[in-house]
1. Within 10 Å of each candidate Cβ there may be at most 12 other Cβ atoms; applying that plus a DSSP loop requirement, which chymotrypsin sites (Phe, Trp or Tyr not before Pro) in the stretch 1-109 survive?
2. Taking amide H positions as placed 1.01 Å from N in the peptide plane, with prolines and chain starts having none, which residues 5 or more places from Ala302, or on another chain, fall under 5 Å of its amide H?
3. If the limit is 30 Å between Cα atoms, which of Lys90/Lys278; Lys173/Lys237; Lys112/Lys373; Lys243/Lys374; Lys257/Lys342; Lys278/Lys381 go over it?
4. Hey, in the GNM for the chain with a 10 angstrom Cα cutoff, which one of Ser74, Ser260, Ser294 fluctuates hardest?
5. Put a dot 7 Å past each Cα toward the Cβ at Asn209 and Glu184; how far apart are the dots in nm?
6. Mind giving me the FRET efficiency for Glu200 and Glu121? R0 is 35 Å, r the Cβ-Cβ distance, nearest 0.05 is fine.
7. When only Cα pairs under 8 Å and 6 or more residues apart are kept, what is the percent relative contact order across the chain?
8. Give me the net charge for the shell around Ala39: Cβ to Cβ below 14 angstrom, other residues only, Lys and Arg +1, Asp and Glu -1.
Amino acid sequence: MDTVIYNISKILHIEDQNRPYKRGLDLGHFPETEQAWLALKNDKIESWGQGEAPSANETINAQGGMVLPTWVDSHTHLVYAGTREDEFAKRLSGMTYAEIAAQGGGILNSAKKLRAASEEELYESAAARLYELIHLGTGAIEIKSGYGLTPESELKMLRVARKLGEDFPLPVKTTFLGAHAFPENFSNDHAGYLHQIINEMMPEVASQNLADYVDVFCEEGYFSVDDMVQIIEAAQKHKLKTKLHLNQFNTLGSIKKACSADALSVDHLEVMTAEDIKILGQSNTIATLLPGCSLFLEIPYAPAQKLIAENAIIALATDFNPGSAPSGNMNLMVSLASIKMKMTPQQAISAATLNGAAAIELSSELGSIEKGKKANLILTKPLQSASFLPYNFGHHLIKNVFLNGIKQSMPC
Ligand code: NIG
Ligand code: FE
């Protein structure tokens, strides 16, 4: 054996039947092994047990910490230039996100900053963020474009995201979000920008293999349901699946269209009708909930328990971005999901691991502690129960992070 971790208080397996995701009430149940050891071989999980641990090249004393799979953050805007704390301060004194956007703030503000940044600068700032996220326990991530809004700048963002995937020891999936906002030069020509996305940007993104998925911000003042349908159809021609920003502020009927077009995930879902919830419960499209955005923008939290009651597949992600969710801390999302959305600790942890992996099509290799899965693991400080992870909110509960079976050096 290459590595054995022993003296583990509990292994949180998340899943033991090799299912790609857990839906409805199944989300809240996961197997645990108490007083355990865990053996890793090459970059994979090999075996676990109780009692005497097998011998190994490297042995690690967990000192009563728990072991669980690393978080999978399936929705981020990690590549961006500059920050927007000035907009945050304006919101604190009463302006809304929509009012700030109408004055040229919001996504267009980030687009202006991003276009001015070099590819190297973008890479350096995103790499520093990704390094920090790994130490917060993230072991796979999705990164969107969407702050370029020109062919040149959208491609620049996606190249940076792809390079992060090449240089860092964790899987990075990338998503083309040209349809994030209408840029200034197309503010009176929405059809023209849609044409550019579909006929210019997307073919280039696809031919250079820069994106795994396509996204659309379908919202009043942004892209209509009809725009979204056109973009989904164009993506399908390039064999690209969709992950979509839906129902953040308004419910427009987009969920039904997205599910019937087999979207991989629909994300946000802060404002939902009973019909939207029912449709998701009957679909294999994953409902990705982003509680950090609800906290930061003071908008409603997605109706997690209603979705679970209707048998939906729920994932949790950060939405890490400079405008609506400036935190990439997945453990904090697990806390918010429990405290504000009333998800049980087991539901929240499963949604942030296995179901997050499913939302970026990585659950055959990540998201649970099962034989043969990649050894991307969190070893916590000495802790006794899964409930402690959401309970001790805002604290750094991680002792070590392993990626591909290799212990990452912790900065502090
Ligand atoms: O997911 N909702 C749209 N896009 C981002 C926010 C982008 C921004 O404000 O910069 C989100 O919340
Ligand atoms: Fe987002």
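Every number here is computed from the coordinates shown, using simple stated rules; none is lab data. Here the structure is a predicted model, which means the values were calculated and not measured. We place every Cβ from the backbone using ideal geometry, glycine too, and count neighbours over all the protein chains shown.
1. Filter output for the stretch 1-109: empty list.
2. Leu290
3. Violating the 30 Å Cα-Cα cut-off are Lys90/Lys278; Lys112/Lys373; Lys278/Lys381.
4. Largest GNM mean-square fluctuation: Ser260.
5. Simple spin-label model gives 3.8 nm for this pair.
6. Details: r = 25 Å, r/R0 = 0.72.
E(calc), rounded to 0.05, equals 0.90.
7. Answer for the chain is 23 percent.
8. The answer is -2.
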